[in-house]
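What follows is a single structure, written as structure tokens, with notes after it.
The values are calculated or read from the model by the stated rules, or taken from the named source; none is laboratory data. Quick caveat, the model's predicted, so the values are computed rather than measured. With ideal geometry, Cβ positions are generated from the backbone for all residues, glycine too; neighbour counts draw on all protein chains shown. Ligands, DNA and RNA are stripped out before the accessible areas are found, and what is left, the full protein with its side chains, is counted by its heavy atoms. Shrake-Rupley method; radii C 1.70, N 1.55, O 1.52, S 1.80 Å.
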Amino acid sequence: MLASSRPCLRGPSRRAAGCRPQRALVPPVRAFWKQLLPKRGPPPATEKAVYKPSELVTLGDFEISPMGLGTWAWGNQFLWNYDERMDPDLQQVYNWVVSKGINFFDTADSYGTGKLNGKSELLLGRFSMEYPGSPAFRDNVHIATKFAAYPWRVLPGNVVAACKGSLQRLGASQISLGQLHWSAANYAPLQELALQAGLADCYDMGLVRAVGVSNYGPKQMKKIHATLGKRGVPLASAQIQFSLLSWGTPQQDLKALCDDLGITVIAYSPLALGLLSGKYSLGPGGQLPEGPRGTLFKQLLPEVEPLLATLEVVAEERKKEMSQVAINWCICKGTVPIPGAKDLNQAQENLGALGWRLSEAEVAELDAAASRCKKGMVQNIFQTS
């Protein structure tokens, strides 16, 4: 959530300092941005959640919207062609989705290429401070960030320092959800232990309200869940690549494990980098995105055409867009999808996935079509078993 005053410790040190429990935090005060930013613009025309209160999802000790917004593209020039002239459009996206009840935003300290490293966090910090709407919506925003397992982060204190850096960029004194971006267990097991200890330290120091992981498979998930449990730190979430094109045995096994352990699953890339949006094709008059995505789509489109055809049929029957059906499928699978958006049209289209549910028959039809795909989406190289 947006930060309160100075964070209070958890654990023995916290009790010795006479700190009060932080399970019901007041909204963060963004002193850093408050001094630098101009007056807020006009308030949104209407503020109303596009989903029912019963659809809120519990994550740790707070509740989030059934869909969030991922900000990987905010600052990424290589894959998403980010340009700083896009910032006003991104702020419009933020203001609009918050006014519609979206209160969960995912970022990372590594989001932003080259000199723009950390740009995504900076933009979120600025936008959250400048949101022109009511305090009820503005102060209910939860930001999740991820700490990269850079090779120089070999001590628990390095993770704490990374967290403090994120706090500064976000203009906050506490982050709702702090996550390890990927596991180093496969190539640097001692570093992985330090990363886990550092994440627990962030929780004990009150720098993060809840902790989670990203790109962890079932094996490593069990290990970190047990390790954190010994320190009294609950593992609140697991973020994985999850979509109709990333729904194999690894995803299904991890989802089952998370259900058993009471861990919320966050689905990143629910549209498979946009491949499931229905906007791209190889035929006459078809188009492909620029850069690496275009190269990848050229290889995948012939293999996934039957799935896209099924997705299109369901969308037409529902009078929805293909992207909305694909996102809704993720929700029906019990995950919190976090599609990205670079402009208002994308954001509005994504939010059309909320307020309704696919039937069991429709989900089964899409499941069957997905299982017949000979190729799926390329998996993250940092994903562990």
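Using Cα pairs under 8 angstrom and six or more residues apart, how large is the relative contact order of the chain, in percent?
On the way: 743 pairs, mean separation 72.8, N = 385.
So the answer I get is 19 percent.
List the residues whose amide H sits under 5 Å from the amide H of Gly352, counting only those 5 or more places along or on another chain, with H placed 1.01 Å from N in the peptide plane.
Here the answer is none, since no amide H 5 or more places off falls under 5 Å of that of Gly352.
Give me the percent of Cα-Cα pairs in the chain that sit more than 35 Å apart, rounded to a whole number. List each step's numbers first, then the result.
Values: 16525 of 73920 pairs.
Cα-Cα pairs of the chain separated by over 35 Å account for 22 percent.
Would you work out which of Val97, Cys163, Ala144 lies farthest towards the positive end of the dipole of the chain? Charges go on Cβ: Lys and Arg +1, Asp and Glu -1.
Among Val97, Cys163, Ala144, the one farthest towards the positive end of the dipole of the chain is Cys163.
Assigning unit charges at the beta carbon (Lys, Arg +1; Asp, Glu -1) and nothing else, what dipole magnitude in debye, to the nearest 20, does segment 283-385 show about its Cα centre? Each step should come with its number before you reach the end.
Values: 11 positive and 13 negative charges, 57 e Å.
Magnitude of the dipole: close to 280 debye.
Once amide H atoms are placed 1.01 Å from N in the peptide plane, what residues at a sequence separation of 5 or more from Leu59, or on another chain, have their amide H within under 5 Å of its amide H?
Ile64
How large is ³J(HN,Hα), in whole Hz, for each residue of segment 377-384 in order, when computed from phi with the Karplus curve 6.51 cos²θ - 1.76 cosθ + 1.60 and θ = phi - 60°, using x for Gly and Pro?
5, 4, 8, 4, 5, 8, 5, 10
Sort Arg85, Arg209 by accessible area with a 1.4 Å probe, largest first. Please report the intermediate quantities before stating the final value.
Numbers: Arg85 195, Arg209 15 Å².
Putting Arg85, Arg209 in descending order of accessible area: Arg85, Arg209.
Hey, if you drop one equal point scatterer on each alpha-carbon of segment 149-242 and run the Debye formula without solvent, what base-10 log of I(q)/I(0) do you get at q = 0.24, 0.26 Å⁻¹?
-1.33, -1.52
Can you pull the Rg over Rh of segment 318-358, Cα-only, Kirkwood?
Working: Rg = 9.7 Å, Rh = 10.3 Å.
Ratio of gyration radius to Kirkwood radius for segment 318-358: 0.94.
Among Glu317, Glu121, Glu349, which one moves the most in a GNM of the chain with springs linking Cα atoms closer than 10 Å?
Greatest mean-square fluctuation among the candidates belongs to Glu317.
Once the Cα atoms of helix 218-230 and of the chain are each reduced to a long axis, what angle between those two axes, in degrees from 0 to 90 to the nearest 10, is obtained?
Approximately 20 degrees, to the nearest ten.
Which of the trypsin sites (Lys or Arg not before Pro) found in segment 279-353 are loop residues per DSSP with 13 or fewer other Cβ atoms within 10 Å of their Cβ? Display every interim value, and only then the final one.
Details: sites: Lys279, Arg293, Lys298, Arg318, Lys319, Lys320, Lys333, Lys342; in loops: Lys279, Lys319, Lys320, Lys333, Lys342.
Filter output for segment 279-353: Lys319.
Compute the relative contact order of segment 299-381 as a whole-number percentage, counting only Cα pairs closer than 8 Å that sit 6 or more residues apart in sequence. Before the final figure, lay out the partial values.
Details: 64 pairs, mean separation 35.3, N = 83.
Rounded, it is 43 percent for segment 299-381.
Sequence-distant or interchain residues sharing an amide H contact under 5 Å with Gln179, placed H: which?
Sorted by chain and number, the residues that satisfy this are Thr145, Lys146, Phe147, Gly212.
Using θ = phi - 60° and the Karplus curve 6.51 cos²θ - 1.76 cosθ + 1.60, what whole-Hz ³J(HN,Hα) does each residue of segment 253-259 get, with Gly and Pro shown as x?
3J(HN,Hα) across segment 253-259, in whole Hz: 5, 5, 4, 5, 5, 4, 4.
When N is the residue count of segment 240-352, what does its C-alpha Rg come to as a fraction of 2.2 N^0.38 Å?
1.10
Suppose the Debye formula is applied to equal point scatterers at every Cα of segment 319-385; what is log10 I(q)/I(0) at q = 0.14 Å⁻¹?
Scattering profile of segment 319-385, log10 relative to I(0): -0.53.
Dipole magnitude of segment 207-333 about its Cα centre, charges +1 at Lys/Arg Cβ and -1 at Asp/Glu Cβ only, in debye to the nearest 20? Can you show the working numbers first?
Working: 14 positive and 10 negative charges, 143 e Å.
Computed charge dipole of segment 207-333: roughly 680 debye.
Tally up the carbon and sulfur contribution to the accessible surface of the chain as a whole percent, 1.4 Å probe, everything protein left in place.
Values: 9140 of 16580 Å².
Exposed carbon and sulfur together represent 55 percent of the surface.
Where Rh is the Kirkwood radius over the Cα pairs of segment 85-172, the temperature 37 °C and the viscosity 0.692 mPa s, what D in µm²/s does Stokes-Einstein return?
Details: Rh = 13.8 Å.
Rounded, D is 237 µm²/s.
Roughly how many Å² of Thr227 are accessible to a 1.4 Å probe, to the nearest 10?
Accessible surface of Thr227 is approximately 60 Å².
Treating each Cα of segment 252-292 as an identical point scatterer and ignoring solvent, apply the Debye formula and state log10 I(q)/I(0) at q = 0.15, 0.17, 0.24, 0.34 Å⁻¹.
-0.56, -0.62, -0.82, -1.12
So how long is each side of segment 265-331 along the principal axes, counting just the alpha-carbon atoms, biggest first, in Å?
29, 28, 17
What residue among Ala267, Ala315, Ala236 shows peak mean-square fluctuation when the chain is described by a Gaussian network model with Cα springs under 10 Å?
Ala315
Let me know the charge dipole size of the chain about its Cα centre in debye, to the nearest 20, where only the beta-carbon of Lys, Arg (+1) and Asp, Glu (-1) is charged.
Working: 41 positive and 32 negative charges, 284 e Å.
The dipole magnitude comes to about 1360 debye.
Putting +1 on Lys and Arg Cβ atoms and -1 on Asp and Glu Cβ atoms, find which of Thr295, Trp247, Leu271 reaches farthest to the positive end of the dipole of segment 237-314.
Checking the options against the dipole of segment 237-314, the answer is Thr295.
Return the subset of Lys319/Lys342; Lys222/Lys342; Lys320/Lys375; Lys279/Lys333 for which the Cα-Cα distance in this structure is over 29 Å, preserving the input order. All intermediate terms of the calculation are to be shown ahead of the outcome.
Values: Lys319/Lys342 24 Å; Lys222/Lys342 36 Å; Lys320/Lys375 26 Å; Lys279/Lys333 24 Å.
Long pairs (Cα-Cα over 29 Å): Lys222/Lys342.
What does the helix-only formula give at 222 nm for the chain: each DSSP H stretch with n ≥ 4 adding -39500 (n - 2.57), the total divided by the residues, and the result rounded to the nearest 500 deg cm²/dmol? Could the numbers behind the result be given before it?
Numbers: 14 runs with 160 residues, N = 385.
The helix contribution divided over the chain gives -12500 deg cm²/dmol.
Which Cα, out of Trp72, Ala49, Leu190, lies furthest along the positive dipole direction of the chain (beta carbon charges, K/R +1, D/E -1)?
Going by the Cα projections, it comes out as Leu190.
Would you kindly derive the ³J(HN,Hα) couplings of segment 86-95 from the backbone phi angles with the Karplus curve 6.51 cos²θ - 1.76 cosθ + 1.60 (θ = phi - 60°), listing them in order in whole Hz, with x for Gly and Pro?
Running phi through 6.51 cos²θ - 1.76 cosθ + 1.60 with θ = phi - 60° gives 7, 3, x, 5, 5, 5, 5, 4, 4, 4 Hz.
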